[in-house]
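The values are calculated or read from the model by the stated rules, or taken from the named source; none is laboratory data. This is a predicted model, so every value here is computed, not measured. When we count neighbours, we look across all protein chains shown, and the Cβ atoms used for this are built from the backbone with ideal geometry, even at glycine. Side chains included, ligands, DNA and RNA excluded: accessible areas come from the protein's heavy atoms. Shrake-Rupley method; radii C 1.70, N 1.55, O 1.52, S 1.80 Å.
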Amino acid sequence: MNILKIKVIYPKLSIIIPVLNNLDGLKKSIESISSQIFKDYEVWIIDGGSTKKTKDYLASLVFPFFWLSEKDSGIYDAMNKGLQYANGEWVYFLGSGDEFIDKQVLQTIFSKEYQEGVSIISGSVLYEGDAKPFIYSKTKAIKNPSWNFSMWIRNGLHHQATFYKKILFVDVKYDLNYPIFSDYWFNLLQYKNKVNCFLLSDVIAKCTSDGVSKLGSKKNYKEEVQFKTHLSSSLFAPVFYLLVTLKMSLKKLV
């Protein structure tokens, strides 16, 4: 295991970046973070055991960029590892290759005053790239957040646009039994537990649209039915199967 941390700090925000052999994308993300006007953050890069070139780059980083390089069991395992080291009041996950929408966005978010008890803050994301998430039309590129009963139908939060109070992860981490949709599972669990979420009108980040959770495969849908049933009741399983069947049909139409 290769790990680097210079000193313990307790910033407002911990940014966690999972990465595996995507050096160009990682550099792009780090440049985006470094350009932020807001500076009260630490960054943990959780590398799944990339090639020497990536490790050499990681070794060149300086405070407040820290890193861990070792094999993991996928993106959510990497995110959980990042949570172990994060010391921020809030945590945020940025995909390797994804960027903040502009250099003011973090300053804008953390200069706002939020009601006591708000534990999640979420905005919009701008999708870029050739692939289009099937749930959107071919012309729609922005995903706006939602935090209502529709969470049981689709994930209303995008983790590249969402900030979580670190305390939410004290007793619960991302469930590795859901390797595709563990972020959706976690968000739905928070909704079920009536966690207070503040929705922003701001676009937070630009991200690619070719993630595995966007493929709309049968494996994806099976996992979705499993965790929704687990969070509710087996009596609702037929309803969830009907919903994913509808999603599969819509996939063929967009």
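Listed values, structure above:
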| item | result |
| --- | --- |
| Among residues of the stretch 4-18, those that are outside any loop (DSSP other than H, G, I, E, B) and either open to solvent by 10 Å² or more (accessible area, probe 1.4 Å) or not hydrophobic (A, V, I, L, M, F, W, C) (or both), counted | 3 |
| Options ASN87, ASN80; residue that is at pLDDT 95 or above, of a type in the set (S, T, N, Q) and in a loop (DSSP other than H, G, I, E, B) | ASN87 |
| Matching residues in the stretch 109-128 - criterion: being open to solvent by 10 Å² or more (accessible area, probe 1.4 Å) and not in a strand (DSSP E or B) | PHE110, SER111, LYS112, GLU113, TYR114, GLN115, GLU116, GLY117 |
| Any hit, the stretch 134-144, residues being among the aliphatic types (A, V, I, L, M) and modelled with pLDDT of 95 or more | no |
| Among the candidates TYR76, TYR85, residue that is open to solvent by 10 Å² or more (accessible area, probe 1.4 Å) and closer than 26 Å to ILE142 by Cα | TYR76 |
| Count - residues of the stretch 153-188 that are within 15 Å of SER14 (Cα to Cα), surrounded by fewer than 20 Cβ atoms within 10 Å (Cβ to Cβ) and among the aromatic types (Phe, Trp, Tyr) | 1 |
| Sole exception among (1) β-branched (Val, Ile, Thr); (2) over 20 Å from the mean Cα position of the chain (by Cα); (3) closer than 23 Å to TYR10 by Cα; (4) buried (at least 17 other Cβ atoms within 10 Å of the Cβ) for VAL62, by number | (4) |
| The stretch 41-58: number of residues that are surrounded by fewer than 17 Cβ atoms within 10 Å (Cβ to Cβ) and in contact with a Leu (Cβ under 9 Å, 6 or more places away or on another chain) | 3 |
| In the stretch 211-246, residue modelled with the lowest pLDDT [restricted to those that are of a type in the set (A, V, I, L, M) and open to solvent by 90 Å² or more (accessible area, probe 1.4 Å)] | LEU215 |
| Boolean, ASP183 is part of a loop (DSSP other than H, G, I, E, B) and acidic (Asp, Glu) | no |
| Subset tally (residues that are in a helix (DSSP H, G or I) and crowded, with 20+ Cβ neighbours inside 10 Å) for the stretch 90-108 | 2 |
| Scan of the stretch 19-50 for residues that are among the acidic types (Asp, Glu) and in a helix (DSSP H, G or I), ordered by number | ASP24, GLU31 |
| Pairs with Cβ under 7 Å, 6+ apart, first in the stretch 233-245 and small (Gly, Ala, Ser), second part of a helix (DSSP H, G or I) and modelled with pLDDT of 85 or more | ALA237/VAL225; ALA237/THR229 |
| Residue count, the stretch 137-152 (criterion: touching a strand residue (DSSP E or B) at 6+ places or on another chain (Cβ under 8 Å) and open to solvent by less than 40 Å² (accessible area, probe 1.4 Å)) | 4 |
